[in-house]
Amino acid sequence: MYEPVAESDFRKKIKNGIPEGGPHAYFFYGEEDYLKRSAVAAAKEAIVSDPFDLTEIGAASYTPEGLVASLGVPPLFSDHRLVVLTLSLADLRPGEISDLCEAVSECTPDFPSVLLLDLPSSGFDAGTAKRPSALFKKLAEAAVPVRFDRITGARLNGWVGRHYSEHGVLAPAGVCAFTVSYCGNEMFRLASETDKISCYVLSQGRNAVTEEDVKTAGCPSGEFDAFALANAVTGGDRRLALDILAFLKSRREDPVKIMSDIIRVFCDMSAVNTCRKAGMDSRQISEATSIKPYPLSRYTAAIDSMRDPDRTLSRALALTAGADGGVKGYGRDYLPIEMLICSL
């Protein structure tokens, strides 16, 4: 059985590529899903020289046979092919988990691929360091466990401050700490919240964040902002969208409500896009649509980031309408939302 390694050790290991003769399969576990996402991005940069040598598999397209087939494809322009499988084990039956472990075990050091199995925190019980779960031990026979602990305290506050700076605003240490206490300590949620709060502050003609700004533009811990999910989908950030959906699943949010919120955001975006094409300014759009200035600024920024807003929003609305029917027809299941995210 492979011994667990820390996230920082994994990053050091793959910085210069995967050494010959070393393990080629890793599984990510632990509480902090955002850091897993960041580590996947680091692995892509270190291992993949060309997009042709990257295969990403989600719940909607995963099969054990398909995974093994992907692992066996030789790289074209890189030393190794990178296969990233994002899967919640909570969605699999015991027999399917055994099939997964068997497929992962195929990725031996002489294989042409490197496998990263990204397990969302909500769907995997690793047990403890002294008493790992039976499933953890089974996976660790085939892949190296990489542990992602939740960061807290001054380190998390500093990370929030850097995110604010990246968006062009300044936040004192006290405001960073308040952001964490108000919005929660999940990093992918904080990344989304600092983005929104920064946008709000800049829209007010300022560049310094206050606690009142956090209360005005941020979502309190335990609440979900539908815009974050819809914006991740339209922005092509499939992984972030799946992270947000995994968070919602862990909170047992009603899939019908999630779908309703997403459709509402896309409808509002489409209305704003139509008004802008008609030559209306922000004040006129706000009056015509009853959308308040702050959410309007967020919709405008999202539309500006789209290469072809008409096509993007039209396709999004068509697909969300189909997913909405699927959610209601599947007995309030999350699968149609996952398929929607993977298809956009």
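The values are calculated or read from the model by the stated rules, or taken from the named source; none is laboratory data. All values derive from a computational prediction rather than experimental measurement. Ideal geometry is used to build each Cβ from the backbone, glycine not excepted, and the neighbour counts take in all protein chains shown.
Scanning segment 66-91 for residues that are without any contact (Cβ under 8 Å) to a residue 24 or more places away in the chain and under 14 Å from residue 101 (Cα atoms) yields one hit, 66. Based on this model, can you work out whether residue 76 counts as surrounded by 14 or more Cβ atoms within 10 Å (Cβ to Cβ), among the aliphatic types (A, V, I, L, M) and touching a helix residue (DSSP H, G or I) at 6+ places or on another chain (Cβ under 9 Å)? So residue 76 does not fit the description; no. With the structure loaded, tell me whether residue 143 is on the phi < 0 side of the Ramachandran plot, buried (at least 19 other Cβ atoms within 10 Å of the Cβ) and under 21 Å from the mean Cα position of the chain (by Cα) or whether it fails that test. So residue 143 fails the test. Among the residues of segment 261-285, those identified as over 15 Å from residue 204 (Cβ atoms) and of a type in the set (Ser, Thr, Tyr) are 270, 274. Taking residue 43, is it in contact with a helix residue (DSSP H, G or I) (Cβ under 7 Å, 6 or more places away or on another chain), buried (at least 18 other Cβ atoms within 10 Å of the Cβ) and part of a helix (DSSP H, G or I)? Yes. Note on segment 262-301: residues that are within 26 Å of residue 341 (Cα to Cα), surrounded by fewer than 18 Cβ atoms within 10 Å (Cβ to Cβ) and either among the charged types (D, E, K, R) or not assigned by TED's automatic domain parsing to the domain that holds residue 328 (or both) total 1.
Just one of the listed residues (208, 217) is without any contact (Cβ under 8 Å) to a residue 40 or more places away in the chain and of a type outside the set (Phe, Trp, Tyr), namely 208. Of the residues making up segment 46-71, just one is over 21 Å from residue 105 (Cβ atoms), in a helix (DSSP H, G or I) and among the acidic types (Asp, Glu), namely 53. Hey, does segment 122-137 have a residue that's in contact with a Ser or Thr (Cβ under 9 Å, 6 or more places away or on another chain), buried (at least 18 other Cβ atoms within 10 Å of the Cβ) and under 20 Å from residue 11 (Cα atoms)? So far as segment 122-137 goes, no, none of its residues is in contact with a Ser or Thr (Cβ under 9 Å, 6 or more places away or on another chain), buried (at least 18 other Cβ atoms within 10 Å of the Cβ) and under 20 Å from residue 11 (Cα atoms).
Residues of segment 103-154 being assigned to a loop (DSSP other than H, G, I, E, B), closer than 24 Å to residue 34 by Cα and of a type in the set (Phe, Trp, Tyr), which ones? The one that is assigned to a loop (DSSP other than H, G, I, E, B), closer than 24 Å to residue 34 by Cα and of a type in the set (Phe, Trp, Tyr): 124. Restricted to segment 284-340, and to residues there that are of a type in the set (Gly, Ala, Ser) and in contact with a Ser or Thr (Cβ under 7 Å, 6 or more places away or on another chain), the residue that is farthest from residue 238 (Cα to Cα) is 297. When segment 303-313 is filtered for residues that are free of Cβ contacts under 8 Å to residues at least 12 places away in the same chain and either of a type in the set (Phe, Trp, Tyr) or farther than 13 Å from residue 231 by Cα (or both), the ones remaining, listed by number, are 307, 308, 311.
Listed by position, the helices (runs of 4 or more DSSP H) inside segment 285-344 whose residues that are of a type in the set (Ser, Thr, Tyr) and touching a helix residue (DSSP H, G or I) at 6+ places or on another chain (Cβ under 7 Å) number at least 3 are 293-304.
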